Amino acid sequence: MATAPQSVDTELQQLARRHLWMHFSRMGGYDAEHQIPIITRAEGCYVFDEQGNRYLDGLSGLFCVNAGHGRTEYGEAAARQVEELDFYTLWSYAHPRAIELAARIAALAPGDLNRVFFTNGGSEAVESAIKLARNYHRMHGKGQKHKLIAREVAYHGTTMGALSATGITELRTQFEPMTPGACHVPNTNVYRWPEEREPTWAADAIEERIVFEGPESVAAVILEPVQNAGGCFVPPDGYFQQVREICDRYDVLMISDEVICAWGRLGHYFGCERFGYQPDIVTVAKALTSAYAPMGAVLASDAVAAPFMEGTASFSHGFTFAGHPLASAIAMANLDVFEREDLCGHVLAKEGEFRSMLETLHDLPIVGDVRGAGFFQAIELVKDKETKESFDDDEAEYLLRGFLSGELYRRGLICRADDRGDPVIQLAPPLISDTEQFEEIHDVLRAVLTEAWDQMAG
Ligand code: PLP
């Protein structure tokens, strides 16, 4: 875990330790000597802490501040919205900003993903997508189709339905029993595949699982365009096309969880565009507003939405704040910036440079693999480059939490050192990042990874 580099035990530090419950954080690890990193200000690609130290936000908040920090025009859009309409709900009512935003998202989305159901974030979007898939089949008289197939090590959120899709054992066991119906198949961690393995192996595994479960019981398959947890697993060529065919063959809906991969992260508005597949349902959140307000959404194809649009039917599901007028106004302002500054085009133009700079780190003995797409890249750390031997649990614990997280932060780089699969460092800088930021990332990583190897070898 990262701790602040200076040890002035401010009142804010003490209040945070006493009252704030940070998410996924070992609260017991903080004290006057090991301080909570408190971010107080942000601008462009950088954030600043209590003491005024500057950090390159190499993770865009948490894969979400895609347009960069400090865009006051988003606040102005929110202020205008408060003057016009502060709040109204989407339960039985509508308001102009949610309508305009839904239409704009539908116009940007590929194919006939024309219906937009708003949520307040990613877990709610996944939760809603799961319920939608089950309900869709029930509307077609196939209520027994309720199971969900997800991939090992994938993260799909923390609410009980989304958690059942999440394939990370440590996140699940503490909250068992899980919502029934979810099962897991191998992911596309190609770096760890034996050389002779067929590229179709992982997609074949989905078909085998559908057949094993009984196609009449399977509602949907959920997958990210590039799987985040485990470290940016990019699919082999043709993977998604094959999964699409399998889903069609067995009347199973294909849910593309794009909570990270949408909104330019891979150089397109939607991650599925990058790999050329057409999902039935897409979940988005995070950078829909570039995180200036909480918001998520489920996009449904015309066919998936159709049964809910007729007669007395409805989707009996919703959230008070979903599609909030302020969040909708901010999302509209965010999409204006995406268009005006062609952020997707910038990612496509610059991803090669970013990637090449990370690949130069391959000369370090600890760097096993560099992978990813767009401004979403991971570096896998290994003990032995030749054999790809990974660090064991204790070593990974020391490497990531005992050394890397703190040291990267101390040197002014926020990124993710993660071991939900094998140990990786993940980078997802704001989409406005350019050569200056890539060089900064490279320089900090080179110094810290060199030192990490010395520590691990020593
Ligand atoms: N799905 C994916 C692919 C995610 O990466 C995340 C969060 O990182 C979620 C769902 C959950 O989103 P949230 O944290 O907004 O609930």
message: Using each residue's phi in segment 298-306, evaluate 6.51 cos²θ - 1.76 cosθ + 1.60 at θ = phi - 60° and report the 3J(HN,Hα) Karplus result to the nearest Hz, with x for Gly and Pro.
response: 10, 9, 10, 5, 4, 5, 5, 6, 3
field: Most to least packed among 175-185, 341-351 [average Cβ atoms within 10 Å]
entry: 341-351, 175-185
- prompt: Can you count the Lys pairs in the chain whose Cα atoms are under 26 Å apart, with each pair 8 or more apart or on different chains?
  reply: 5
field: 5 angstrom amide H check on LEU413, placed H, neighbours 5+ away
entry: LEU56
- prompt: Taking a label point 7 Å from the Cα of ALA306 along the Cα→Cβ vector, which residues of segment 131-145 have an amide N closer than 19 Å to it?
  reply: 132-143, 145
query: Under a 5 Å amide H to amide H cut-off, with H placed in plane at 1.01 Å, what residues pair with HIS156 once short-range neighbours are removed?
result: THR166, GLY167
task: Could you grab the relative contact order for the chain? Cα pairs under 8 Å, six or more apart, rounded to a whole percent.
output: 21
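Work out which helices of the chain, taken as complete DSSP H runs, extend at least 30 Å along their axis over the Cα atoms and score a mean Kyte-Doolittle of -0.5 or more, then list them.
Long hydrophobic helices here: 435-457.
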- prompt: Hey, quick one: spin label on THR320, modelled 7 Å out along Cα-Cβ, who in segment 70-89 has an amide N within reach, i.e. under 12 Å?
  reply: 89
- request: Using DSSP, restrict attention to beta bridges with both residues in segment 72-341 and report what percent are antiparallel, rounded to the nearest 5.
  value: 40
message: What's the ranking of 138-145, 294-301, 97-104 by average number of surrounding C-beta atoms within 10 Å, highest first?
response: 294-301, 97-104, 138-145
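Values quoted throughout were computed directly from the atomic coordinates according to the rules given, and no laboratory measurement underlies them. Just so you know, these numbers come straight off a predicted model, no measurement behind them. In this analysis, Cβ positions are derived from the backbone assuming ideal geometry, glycine residues included, and neighbour counts consider all displayed protein chains.
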